[in-house]
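In what follows, a structure is listed as structure tokens, so that the remarks can point back to it.
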Amino acid sequence: MGTAPSQPTSTTQQVIAQGDELRKAGQTQQAIEAYLQAASSTEVPEAALCLKIARCYSQIGDDDNVRHWAMASLDDGDDFLTWQGVTGLVKKYFAGSWSGFQRQARVAILGSYTTVQFKQMLAVAAIKYGIQLELYESDFGQYQQDIVDPDSRLYRFDPQFVILATHAGEVHLPDFTDDPTAALERETARWVGLWQRLRQRSKAKIIQHNFALEEAVAMGHLATRLAGSRYNMMQQLNHRLAMAAGNDVAMVDCQRLSSLIGQWRWFDPKYWNLSKQAVSLQALPLLARHTAAVLASELGLSRKCLVLDLDNTLWGGVIGEDGMGGIKLGQGSPVGEAYIAFQEYLLQLKNKGVILTVNSKNNDADAREVFQKHPEMRIKLDDIAVFVANWQPKPQNVQHIAKVLNIGIDSMVFVDDNPVERQAMRQFLPQVDTIVMPTDPSLYVRTLSNYLLFETSSFTREDAARAQQYHARAQIAELEQSAGSIEDFYRSLQMKATVKPFDRFSLPRIAQLLGKTNQFNLTTRRHGAGELEKFMADPACVHYALTLRDRFANHGLVSLIIAFKRGDILDIDTWLMSCRVIGRTVEAELLSQLTHQALAMGCKTIQGTYIPTAKNAMVQDIFAKFGFTRTAEDHGTTVWQYDLTRQAPITNDFIEKVGRLDDEADTQTN
């Protein structure tokens, strides 16, 4: 999605015209064959062609292909008419329990302008990311009334997310004031007050659209020098709201989006006068995509691993043929500088927590030598979590990388300059997001930055250290192979852990783990930051977070457990662990802490529940492993109990419990 529009050749246009004639003649199957022939001539078929194919499949009752081609039409860009065409297919073909949905969410849109079209576009964008939305839309301009009235339809809807789709016209700032600080404090307090009212009456996470600057500035360029001008204060307001948001409110940067496409395209005064449309129709798909990406990050659907080709991807040329001195990389050459810019952007992604890996058809020694010896290489071997250079099929290598890192195939993104390799990846591993790269490397950064599933809901210490942690995991995998026994392996890791109740310092990371952990997650309950704060204040709630270090790396906060005392039973509500430390006895360490706390609280039983999902089969027997007895089962959901009156507390001899890890940071960036 977001690629440059495809340009059909004259031959392709002739084939499409032939398909049109066949379709008019009622020969739908033959029309499909012609359209498919035309579509096969390009990696990203024209949006209009994709919609024609989808509608033909609709006529013959092939629902799966309707959905496939409807979604494919979105890959050709953000054209409003295309997206509107897809909305016509959404209700019929994307309703119910379609297997492509990975998450469901109830979302309320509270707008200061007409949001009917935005609501439709958001539903389409969410489907592209695997999210099924149940949507509520406030009446025109009634967002404040919905928030303030405790009996409003908003609260009866009980949303999981509230999107405040508000525009600059709702900002109460004067054209000019002698006291901009006071004006900004009042306006910031007004918006923060609305957030607070929402949080008092709802568990919903708030997603705030910030304010795109107005295009007409009467003071002209002078406004940039006047602290009290509305133009200046609007920018300050966006900044103040972002700082006030913390982890409770997610932001969609409409000011940045309007800059990307230009303010004249973002706002169309004609449509404002006609229908109070504060975001132009042509800008709505862009806004919907970015809003859906923020929503996806909150639901744990962000991608975490970037799989990189080398030749003509990180540098120009083929290292095995051109040699170190022949590849294009470095200052003084437009092409070489483009590859440097791309590498620097990749390092920015790495620094925000994206795992970088290499998957190249090359001799291993030749490929590594560039990282080790080329003076212009920005990316070093230590930046790469897993380095694979061989002559095996790339989909096979991706499976190997996923296994080493213990991550899902569906958390990976593939970047390769070769369209044949990209097509092979789509065919054999469709779960991997394969990005269509342009032929000009100067456009690589723009292309990758337009990929939105690296959006994250927070930034923590663990994110900044993720590359080191996964690099350590690869080293640990090698150590495990050479260990004489599993016990020897555990002891050789020299593991230390802190186990502490939740605190506000750790809350962003805890909320992040809850949002995205799927494999080792017994119930997959997605508690937000607001709920977590209530748990922390509840004396009946037991909550622990575990931070782990071994001889290779500090892995950060990697596991947590939440339980509630109900009579003499301590009932586990949530128990999860990051995939990168599975198989290290971390689960035993948390259960050990929980059993001792249960006894201290006078509980006789610990109860746990396993709720099956498409991704958590690996933990279906975890309670049995620790001596729990199954007491109930209903459609795959099982309930287990551990009798503390007959069974000893669970222990773990392989992790040393400490009060604080030696290199534990004092601060955390959110």
Fully extended, how many nm does the chain gain between VAL148 and ASP621 (0.36 nm per residue separation, minus their Cα-Cα distance)? 165.6 nm
Which percent of the Cα-Cα distances in the range 172-284 go past 25 Å? 31
Using a Förster distance of 30 angstrom, determine the FRET efficiency expected from the C-beta separation of ILE611 and ALA242, and round it to 0.05. 0.25
Any chance you could run the full-extension gain for GLN14 through LEU260? It's 0.36 nm times the residue separation minus the Cα-Cα distance, nm to one decimal. 85.0 nm
Which whole-number percent gives the relative contact order of the range 494-666, counting Cα pairs below 8 Å spaced six or more residues apart? 26
Would you mind checking LYS304/LYS328; LYS496/LYS534; LYS350/LYS534; LYS534/LYS604; LYS394/LYS625 for any pair whose Cα atoms are more than 27 angstrom apart? LYS304/LYS328; LYS496/LYS534; LYS350/LYS534; LYS394/LYS625
Could you sort the peptides 606-615, 187-196, 163-172 by per-residue average Cβ neighbour count (10 Å cutoff), highest mean leading? 163-172, 606-615, 187-196
Here, ARG197 and LEU274, labelled 7 Å along Cα→Cβ, have an inter-label distance in nm of 3.3
16 Å tail of the calculated P(r), the range 1-77, as % of Cα pairs: 44
Among SER302, VAL420, ILE379, whose Cα projects farthest towards the positive end of the dipole of the chain, with charges put on the beta-carbon of Lys, Arg (+1) and Asp, Glu (-1)? SER302
Would you work out which of ILE261, GLN208, VAL124 lies farthest towards the positive end of the dipole of the range 98-298, given +1 charges on the beta-carbon of Lys and Arg and -1 on that of Asp and Glu, about the Cα centre? VAL124
Run the 1.4 Å probe and let me know the accessible area of VAL639, rounded to the nearest 10 Å². 30
Multiply the residue gap between LYS403 and ALA341 by 0.36 nm, knock off their C-alpha separation, and tell me the result in nm, one decimal place. 19.3 nm
Kirkwood hydrodynamic radius (Cα pairs, Å) of the range 86-213? 16.1
Over the chain, with every protein chain in place, what whole percent of the accessible area is carbon and sulfur at 1.4 Å, could you tell me? 48
Rounded to the nearest 10 Å², what accessible area does PHE161 show when all protein chains are kept and the probe is 1.4 Å? 10
The FRET efficiency for ASN390 and GLU321, from their Cβ-Cβ distance with R0 = 22 Å and rounded to 0.05, is 0.80
Given R₀ = 51 Å, FRET efficiency for GLN647-ARG190 by Cβ-Cβ distance, to 0.05? 0.35
Would you be so kind as to identify all helices of the chain, as entire DSSP H runs, whose Cα atoms reach 24 Å or more along the helix's own axis and whose mean Kyte-Doolittle hydropathy is at least 0.0? 334-351
Accessible area per residue in Å² at 1.4 Å probe, computed on the chain: 43
Compute, for ASP64, the solvent-accessible surface of its heavy atoms (probe 1.4 Å) with the complete set of protein chains present, and express it in square angstrom to the nearest 10. 100
Cα-only Debye scattering, the chain: base-10 log of I(q)/I(0) at q = 0.06, 0.07, 0.08 Å⁻¹: -0.39, -0.54, -0.71
By the scheme Lys and Arg +1, Asp and Glu -1, what is the net charge of all other residues having a beta-carbon under 11 Å from that of ALA38? -2
Quick one: compute the contact order of the chain, relative version, from alpha carbon pairs under 8 angstrom and 6+ residues apart, as a percent. 9
Expressed in nm², what is the orientationally averaged projection area of the convex hull enclosing the Cα positions of the range 305-449? 7.8
Place a point 7 Å from the Cα of HIS374 in the direction of its beta carbon; the residues of the range 313-332 whose amide N falls under 12 Å from it are 313-331
With each pseudo-label sitting 7 Å past Cα toward Cβ, what's the GLN84-ARG630 distance in nm, one decimal? 5.5
Over the range 181-338, what is the mean sequence separation of C-alpha contacts under 8 Å (at least six apart), divided by residue count, expressed as relative contact order in percent? 16
When you count, for each residue, the other Cβ atoms within 10 Å and take the mean per peptide, how do 134-142, 572-580 rank with the highest first? 572-580, 134-142
Given the C-alpha centroids of the range 15-81 and the range 160-224, what is the distance between them in whole angstrom? 44
From largest accessible area down, sort ASP79, ASP634, ASP653; use a 1.4 Å probe on the protein chains. ASP653, ASP634, ASP79
In the range 217-240, whose amide N lies under 15 Å from the spot 7 Å out along Cα-to-Cβ of ASP175? List them in ranges. 217-223, 228-232
Need one number: convex hull volume per residue for the range 526-623, Cα atoms only, in Å³. 114
Okay, helix-only estimate at 222 nm for the chain: each DSSP H run of n ≥ 4 adds -39500 (n - 2.57), divide by all residues, round to 500 deg cm²/dmol; what do you get? -13000 deg cm²/dmol
Quick one: grab Rg to one decimal and Dmax as a whole number for the range 494-666, Cα atoms only, in Å. 15.3, 46
Could you order SER58, SER442 by accessible surface area, starting with the largest, using a probe radius of 1.4 Å? SER442, SER58
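The values are calculated or read from the model by the stated rules, or taken from the named source; none is laboratory data. Remember, predicted model here, so these are calculated numbers, not experimental data. Backbone-built Cβ (ideal geometry, glycine too); neighbour counts: all protein chains shown. Keep in mind that these areas ignore ligands, DNA and RNA; they rest on the heavy atoms of the full protein, side chains included. Shrake-Rupley method; radii C 1.70, N 1.55, O 1.52, S 1.80 Å.
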